[in-house]
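Inspection log for the structure reproduced underneath, given as structure tokens.
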Amino acid sequence: MASSPSPSPASAPAEPTPASLTVLRIPGATPEEADAYWLREVYQGDRLPQLTLRAVLLGSGLGAIMCATNLYAGLKVGPSFGVAVTAGLLAFATHGALRRLAPRLAGGPLSPLELCCAQAVASAAGYATGGALVSVQGAYLLTTGHHPPAWVLLPWTFVLSALGVLFAVPFKRQFVDREQLPFPTGTAAAVTVRSLHATGREARPRLRALGLGGLVSGAVTLGRDALERIPYALAFPGALGGVPLERLGFALETSLLPVGAGALLGLRITASLCLGALLMHGLVGPRLFASGLLPAGGGLQDLLTWSLWPGAAALTTSSLLRFALQARALKRAWQGLLSLRASAPRPVDALQVPRRWLVGGIAVLAPAAVWLAFTGFGVPVPHAALAVALSFFLCLISCRVTGETDATPVGSLGQVTQLTYGALLPRNVVANLVTAGITVNTASSAADLLSDLKTGHLLGANPRRQFLAQLLGTGVGAVAAVPLFYLLVPDRSALGGLHFPAAAAFTTASLSEVLSSGVSGLSLDLRLAGAWAALGAAVLTLAEHLLPERARRWVPSPLGLGLACLLPASTSFGLFLGGLAAEAVRRLRPSAVEGRVLPLAAGLIAGEGLVGVAIVGLQSF
């Protein structure tokens, strides 16, 4: 079953097998039967081109674009968004345009596996490399007042992302092949590739919605940030408790990025964001100004500086409690990994990533990560080595939870590392942040690889070639994301306020400060607010876990409530509008959600992200 080089894209490829274009779960009463069916009916072998030069180049170009949009969106609203489905649509549309403009250069139509390869490169570049920059490196800037040098941050980002890819390899056979965990984003990407291959008609409404969202959002961003013809926000009139609503952050933003993000996040989280904004900015805020805890003439930034602490307490408590409640998932993951190692080799194993690649890659990248942590950030070698080892086990949890829920818990896993090093290296804020960065980067990259491998498994792709595509994507992502991060965030003053609230960075920085100096350094009012917020988050998290499904949807999201304390109220309102609009469409016309609403939302994010990055770049140069 050894693989050989893919045929030239110019040659006429064979048609995919029917099973590779239909099945969503590989049939078989036992793992052996499922493997045999996959090899016989789904696996495309060398019948279709996969890891071709044009697929890699196309994915690399799209990955650089996805880097820009996800980095911008992460600084703006906090959460990062998977780009697999959007990347598949853009790869199909971009190659179709190239075929019309330069048919000889573009060659024939992309095979399903080439589209899958391009999507994997773009996903690795656009999603897996930027999360730690937004949260951990943003927190590093807030804490130290300066960026690490480029010679440290660029290889640091690549090494950790590539290490996460390698860490995920041993989990693939258990999670993707044996248990066939859903990995919803990976499954959706496979369905998208199949629909694009079957007929262009199914792609047209999605592409139109994606393009419309990008065009409208980009035009608004251009008129607001470059031409200054559109105000950034329209303030609400009136006052609460004698404090003007404008000073409390009550406004309607003209930014469409939060609206698109809200449509992807869903109504429950965005309604919780709106509720949290009303509580913090509408109820607590005026009392803080009236009591003198905040300056009488202060404004939104003073309120956000105070509300950061209860917000961070709520997010941290909820994340860590979720982690504790996922002990069963960890147990299943570990047992599955051990049983896989004990099983006899099978024919399908010959297609997997060779063990020598895995051992050799880790033998190079793990010491490189330790060396960069020591020379670039001053983390002691034994502690850096322990952080790398700990991250392997946290990647195991990350992959399991992503496979079951489609939510990658990098925030809570990073906080586990922060708590560990708060005990091991007290009063060392930099070491606390750097070791958390190891976990965040590797865990997000590992989960992204398995999600992409799920796509390839359903399409019959060669997993070894997908691994190489993902590894290439991490390099593209590091080269694109690090300069963009320096460009968007030239100094500490760029973070905070309406433009880049950078909620993830402030949360990570506040937790590091508490772990370093202890809660005794906080004022009594902040300690009480943090304690009440932590208690409320714990109660809501337990309710989410224990209540039946029908009752659970009415429980406010503790993550949404906590995040609302870190964002301007206007941003929370924009997110809620997006979630409300998507829910209305889902109830009135469910079929339009996947085909039109979600691509439109992705376009709103991408349009503002790309134009916003371009404006910042032009203003810088």
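Points worth noting:
- Cα centre as origin, Lys/Arg/Asp/Glu Cβ charges: segment 177-251 dipole, Debye: 320
- Of PHE467, ALA226, PRO182, farthest towards positive along the dipole that unit charges on Lys, Arg, Asp, Glu beta carbons give the chain: PRO182
- Remark on LEU234: its backbone amide H falls under 5 Å from those of LEU252, GLU253, THR254, a criterion applied only to residues 5 or more positions apart or on other chains, H modelled at 1.01 Å from N.
- A protection proxy built from the mean count of other Cβ atoms within 10 Å ranks the segments 168-174, 309-315, 39-45, 274-280, most packed first, as 309-315, 168-174, 274-280, 39-45.
- Segment 204-255: C-alpha gyration tensor shape, a/c 1.5 cut-off, then a/b vs b/c: oblate
- Mean residue ellipticity (222 nm) of the chain, computed from DSSP H runs ≥ 4 via -39,500 (n - 2.57), nearest 500: -22000 deg cm²/dmol
- Descending by average beta-carbon neighbour count within 10 Å, the peptides 571-582, 246-257 line up as 571-582, 246-257, the highest first.
- Angle of helix 598-620 to the longest C-alpha principal axis of the chain, folded into 0 to 90 degrees and rounded to 10: 70°.
Values in this text are rule-based calculations from the coordinates and carry no lab data. Just so it is clear, the structure is predicted and the values come from calculations on it, not from any experiment. When we count neighbours, we look across all protein chains shown, and the Cβ atoms used for this are built from the backbone with ideal geometry, even at glycine.
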